[in-house]
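S.K.: To start, I am sharing the structure in question, which I have written as structure tokens.
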Amino acid sequence: MNDIKLLGRLTEAPELRKSTSGRDYAWFTVAVPRANNRDEADFIRCVAFDKLAATIVQHCGKGRQVLTHGRLQVSTSMDDDTKRIRYHHTIIVNSIHFLHDPNRSTVAA
């Protein structure tokens, strides 16, 4: 089973783009703190498609805490200089929960 959940913060605001086939998508990176050292984090590349991508772009900015759910996809490419295979890890997001937003004021009236 290929199932992954990430809890972390967006490193930048995602941007909505359109593929050559007309499909909407948004790339974004989630900084996930390490359990054994909160001063370190893993920066994990994610992508969402279609309506989910548009929703993420609408509601997420830099620093927004999110909980993503998806699957890990590994692709390869050949490095032209060294002729070595390079591995690229991406999370294909199929759902997201919007959590703390540091850009929103929490002033109580």
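The values are calculated or read from the model by the stated rules, or taken from the named source; none is laboratory data. Given the structure is predicted, the values throughout are model-derived calculations rather than measurements. All Cβ positions, glycine included, derive from the backbone under ideal geometry; neighbour counts span all protein chains shown.
S.K.: With in contact with a strand residue (DSSP E or B) (Cβ under 6 Å, 6 or more places away or on another chain) and either over 16 Å from His97 (Cα atoms) or without any contact (Cβ under 8 Å) to a residue 12 or more places away in the chain (or both) as the only criterion, which of Phe43, Phe28 stands out?
M.R.: Phe43
S.K.: Additional query: From the list Ile91, Ile56, Ile44, exactly one residue is in contact with a Pro (Cβ under 7 Å, 6 or more places away or on another chain) and modelled with pLDDT of 95 or more. Which is it?
M.R.: Ile56
S.K.: Condition first: surrounded by fewer than 12 Cβ atoms within 10 Å (Cβ to Cβ), among the acidic types (Asp, Glu) and in a loop (DSSP other than H, G, I, E, B). Can you find one or more residues in the range 2-9 that meet it?
M.R.: Yes, the range 2-9 has at least one match.
S.K.: Could you check how many residues of the range 24-49 are basic (Lys, Arg) and within 18 Å of Ser95 (Cβ to Cβ)? Write out each step before concluding.
M.R.: So in the range 24-49, the residues basic (Lys, Arg) come out as 34, 38, 45.
Cutting the leftovers down to within 18 Å of Ser95 (Cβ to Cβ) gives us 45.
The qualifying residues number 1.
Conditions tested, residue by residue: (1) over 17 Å from Ala26 (Cα atoms); (2) among the polar types (S, T, N, Q); (3) in contact with a helix residue (DSSP H, G or I) (Cβ under 6 Å, 6 or more places away or on another chain).
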{"site": "Arg45", "(1), (2), (3)": "no, no, no"}
{"site": "Leu67", "(1), (2), (3)": "no, no, no"}
{"site": "Gly70", "(1), (2), (3)": "no, no, no"}
{"site": "Gln73", "(1), (2), (3)": "no, yes, no"}
{"site": "Lys83", "(1), (2), (3)": "yes, no, no"}
{"site": "Tyr87", "(1), (2), (3)": "yes, no, no"}
{"site": "Phe98", "(1), (2), (3)": "no, no, yes"}
{"site": "Arg104", "(1), (2), (3)": "yes, no, no"}
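S.K.: Is there any pair linking a residue in the range 69-94 that is farther than 21 Å from Phe49 by Cβ to one that is not in a strand (DSSP E or B), with Cβ under 8 Å and at least six apart or on different chains, and which?
M.R.: Pairs that qualify, where the first residue is farther than 21 Å from Phe49 by Cβ and the partner is not in a strand (DSSP E or B), are Met78/Arg84; Ile85/Asp79; Arg86/Asp79.
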